[in-house]
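Read-outs throughout are calculated quantities, based only on the coordinates presented, and are distinct from any laboratory measurement. Everything numeric in this text was worked out from a predicted model, so none of it was measured. Neighbour counts are summed over all protein chains in view; Cβ atoms, including those assigned to glycine, are modelled from backbone coordinates with ideal geometry.
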């Protein structure tokens with residue numbers, strides 16, 4: 001019941017979708033290729049954001065921490081892009097998402 005109330009309130013903040021789930025009931029994929037995009041500084045925030053590499057730690061440590069939780073909450077926000085190459089729009093959407 002508490003999770004339902006929390007989800008209702010979250011959506012009032014401008015979140016497009018949100019879901020609670022039991023971590024043990026889902027398979028997570030941890031792809032080193034995604035980390036390589038970070039290390040290549042694709043978004044320009046490598047080493048500048050405490051929630052990103054290298055501050056967040058090694059991939060195996062992140063995996064262990066994520067899998068140590070019983071429940072997770074995932075939120076989604078949607079932002080318009082001009083096209084699939086609209087990097088500026090992606091970065092702007094990311095800022096709005098982070099502020100939400």
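Of the numbered criteria (1) more than 21 Å from residue 94 (Cα to Cα); (2) surrounded by 10 or more Cβ atoms within 10 Å (Cβ to Cβ), the one residue 13 fails is (1).
Within the range 48-70, the set of residues being in contact with a helix residue (DSSP H, G or I) (Cβ under 7 Å, 6 or more places away or on another chain), touching a residue at least 12 places away in the same chain (Cβ under 8 Å) and surrounded by 11 or more Cβ atoms within 10 Å (Cβ to Cβ) comprises 52, 53, 59, 67, 69.
A single entry from 45, 81 fulfils the requirement of being touching a helix residue (DSSP H, G or I) at 6+ places or on another chain (Cβ under 6 Å) and surrounded by 12 or more Cβ atoms within 10 Å (Cβ to Cβ): 81. Filtering 66, 56, 10 for residues that are part of a loop (DSSP other than H, G, I, E, B), closer than 30 Å to residue 86 by Cβ and under 17 Å from the mean Cα position of the chain (by Cα) leaves a single hit, 56.
Residue selection: residue 15 satisfies the criterion of being within 27 Å of residue 96 (Cβ to Cβ), in contact with a strand residue (DSSP E or B) (Cβ under 7 Å, 6 or more places away or on another chain), in a loop (DSSP other than H, G, I, E, B) and in contact (Cβ under 8 Å) with a residue 40 or more places away in the chain.
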